[in-house]
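This report concerns only the one structure given below.
Values in this text are rule-based calculations from the coordinates and carry no lab data. Since the structure is predicted, the reported quantities are computational estimates derived from the model, not experimental observations. We place every Cβ from the backbone using ideal geometry, glycine too, and count neighbours over all the protein chains shown.
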Amino acid sequence: MKKHLIAPSVLAANFAHLERDFEMVNQSDADWYHVDVMDGRFVPNISFGMDIISTMKKLASKPLDVHLMIVEPEKYIERFRDAGADVITVHYEACPHLHRTIQQIKETGAKAGVALNPHTDASVLEPIIEELDLVCVMSVNPGFGGQKFIYSAIPKIKKLKEIITIHNTKTLIEVDGGVGLQNAEKILQAGANVLVAGSSVFKSENPSQTITKLKEIGGYTFHV
């Protein structure tokens, strides 16, 4: 059994002091780094490319959880893996040939995830759940940090947990957007395994301590 995972979102880090912030996370109780890649097309913002991720990989002592908020992600899977992605998550809404894209991720040796926008029902992933290492439930509209948590994500997490249990898979449920100490326990109770926390970590007075508090909530564990 393994305790729930904490994945600080580097979108909320201070890019004037990126090395300092990465060292803080390296020394903290966090498990992964969550890295949002935005293309200005699938979402209205633009963030990191492969070169920045390569730099992050050199600074990080923990896995990079790379979330592709981009159109046509299949064109870039291998390049993000080469840049250092350990987990690669694509959006259901951006992948007309989702099964093929998941297989493409797995062939690189990375773990494969699929993200669902707030309006997308959990049931769409039932046909492919046995292929997935991770499902990322977006609890804000993707594209910007610092948004408020959308509470309709809670029943969606519960529905995904049911699907995973029925299919007897080890798929992790990750929750991304508006996650903090005020709602983390409710999210974990619903069945989540991975908490992505950006502003609630990096904008707090003591980011390392906030990570520890998120990690220590409840006794939420999962089978490895």
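Assuming 0.36 nm per residue, please report the length gained on full extension of the stretch Asn26 to Thr165 beyond their Cα-Cα distance. Before the final figure, lay out the partial values.
Numbers: separation 139, 0.36 × 139 = 50.04 nm, distance 3.27 nm.
Residue separation times 0.36 nm, minus the Cα-Cα distance, leaves 46.8 nm.
Work out from phi, with θ = phi - 60° and the Karplus expression 6.51 cos²θ - 1.76 cosθ + 1.60, the ³J(HN,Hα) of each residue of segment 63-80, listed in order in whole Hz, and give x for Gly and Pro.
Working through the residues one at a time gives x, 9, 9, 9, 9, 8, 8, 9, 7, 6, x, 4, 6, 10, 3, 4, 5, 5 Hz.
Give me the extension gain from Arg100 to Ser199: residue separation times 0.36 nm, minus the current Cα-Cα distance, reported in nm with one decimal.
Roughly 32.2 nm would be gained on extension.
Given Lys106/Lys186; Lys159/Lys213; Lys57/Lys161; Lys75/Lys148; Lys186/Lys215; Lys2/Lys62, which pairs have Cα atoms separated by over 21 Å?
Details: Lys106/Lys186 32 Å; Lys159/Lys213 27 Å; Lys57/Lys161 31 Å; Lys75/Lys148 32 Å; Lys186/Lys215 14 Å; Lys2/Lys62 16 Å.
Beyond 21 Å: Lys106/Lys186; Lys159/Lys213; Lys57/Lys161; Lys75/Lys148.
Quick one: dipole size for segment 2-222, taken about the Cα centre, charges +1 on Lys/Arg Cβ and -1 on Asp/Glu Cβ, in debye to the nearest 20.
Details: 23 positive and 27 negative charges, 76 e Å.
That gives segment 2-222 a dipole magnitude of about 360 debye.
Would you grab the residues whose amide H sits under 5 Å from the one on Leu5? Only those 5+ places off in sequence or on another chain, please, with H modelled 1.01 Å from N.
Amide H neighbours of Leu5, under 5 Å, 5+ apart: Val194, Leu195.
Note down the nm distance, to one decimal, between modelled labels 7 Å out along Cα→Cβ at Asp51 and at Gln209.
Rounded to a tenth, the inter-label distance reads 3.9 nm.
May I ask which residue of Ile52, Tyr76, His34 lies farthest towards the positive end of the charge dipole of segment 5-95, with charges of +1 (Lys, Arg) and -1 (Asp, Glu) on Cβ and the Cα centre as origin?
Working it through, the farthest residue towards the positive pole turns out to be Ile52.
Report the chymotrypsin sites (Phe, Trp or Tyr not before Pro) located in segment 69-171 that are in a DSSP loop and have at most 15 other Cβ atoms inside 10 Å of their Cβ, or state none.
Numbers: sites: Tyr76, Phe80, Tyr92, Phe144, Phe149, Tyr151; in loops: Tyr76, Phe144, Phe149, Tyr151.
Filter output for segment 69-171: Phe144, Tyr151.
Once you have a ≥ b ≥ c as the square roots of the Cα gyration tensor eigenvalues for the chain, tell me rounded if a/c is under 1.5, and otherwise prolate or oblate according to whether a/b is larger than b/c.
Values: a/c = 1.45, a/b = 1.08, b/c = 1.34.
Taking the square roots of the gyration eigenvalues as a ≥ b ≥ c, the chain is rounded.
Using DSSP to call loops (not H, G, I, E or B), can you name the trypsin sites (Lys or Arg not before Pro) in segment 45-153 whose Cβ has at most 13 other Cβ atoms within 10 angstrom?
Details: sites: Lys57, Lys58, Lys75, Arg79, Arg81, Arg100, Lys106, Lys111, Lys148; in loops: Lys148.
In loop regions of segment 45-153 (DSSP not H, G, I, E or B), the sparsely surrounded trypsin sites (Lys or Arg not before Pro) are Lys148.
Give the long-range amide H neighbours of Leu172: residues separated by 5 or more places, or on another chain, with amide H under 5 Å away, using H modelled in the peptide plane at 1.01 Å from N.
Correct list: Leu134, Val135.
Go through segment 180-190 residue by residue and turn each phi into a ³J(HN,Hα) via Karplus (6.51, -1.76, 1.60, θ = phi - 60°); whole Hz please, and just put x for glycine and proline.
With coefficients 6.51, -1.76 and 1.60, one gets x, 4, 6, 9, 4, 5, 4, 5, 5, 4, 5 Hz.
Determine ³J(HN,Hα), in whole Hz, for all residues of segment 104-113 in sequence, where each value follows from phi through the Karplus function 6.51 cos²θ - 1.76 cosθ + 1.60 and θ = phi - 60°; x replaces Gly and Pro.
Whole-Hz 3J(HN,Hα) from phi for segment 104-113: 4, 4, 4, 5, 7, x, 7, 6, 10, x.
If each residue of separation counts as 0.36 nm, what is the full-extension length gain between Thr108 and His17 once their alpha-carbon separation is subtracted?
On the way: separation 91, 0.36 × 91 = 32.76 nm, distance 3.13 nm.
29.6 nm is the gain from fully extending Thr108 to His17.
Take every DSSP beta bridge with both residues inside the chain and express the antiparallel ones as a percent of the total, to the nearest 5.
Working: 3 of 35 bridges.
Just about 10 percent of them are antiparallel.
With point charges of +1 on the Cβ of Lys and Arg and -1 on the Cβ of Asp and Glu, referenced to the Cα centre of the chain, which listed residue (Ile154, Thr89, Ile217) lies farthest in the positive direction of the dipole?
My answer, from the dipole projection, is Ile217.
Excluding residues fewer than 8 places away in the same chain, name every one of the aspartates and glutamates whose C-alpha is closer than 12 Å to that of Lys111.
Within the straight-line limit of under 12 Å, Lys111 reaches these aspartates and glutamates: Asp65, Asp86, Glu131, Asp133.
Run through segment 178-224 and list the chymotrypsin sites (Phe, Trp or Tyr not before Pro) located in a DSSP loop whose Cβ has at most 12 other Cβ atoms within 10 Å. Numbers along the way, then the final one.
On the way: sites: Phe202, Tyr220, Phe222; in loops: Tyr220.
Taking segment 178-224 and a limit of 12 other Cβ atoms within 10 Å, no loop chymotrypsin sites (Phe, Trp or Tyr not before Pro) are found.
Mind checking which aspartates and glutamates have their C-alpha under 12 Å from Lys58, skipping anything on the same chain fewer than 8 residues away?
Excluding near neighbours in sequence, the set is Glu19, Glu23.
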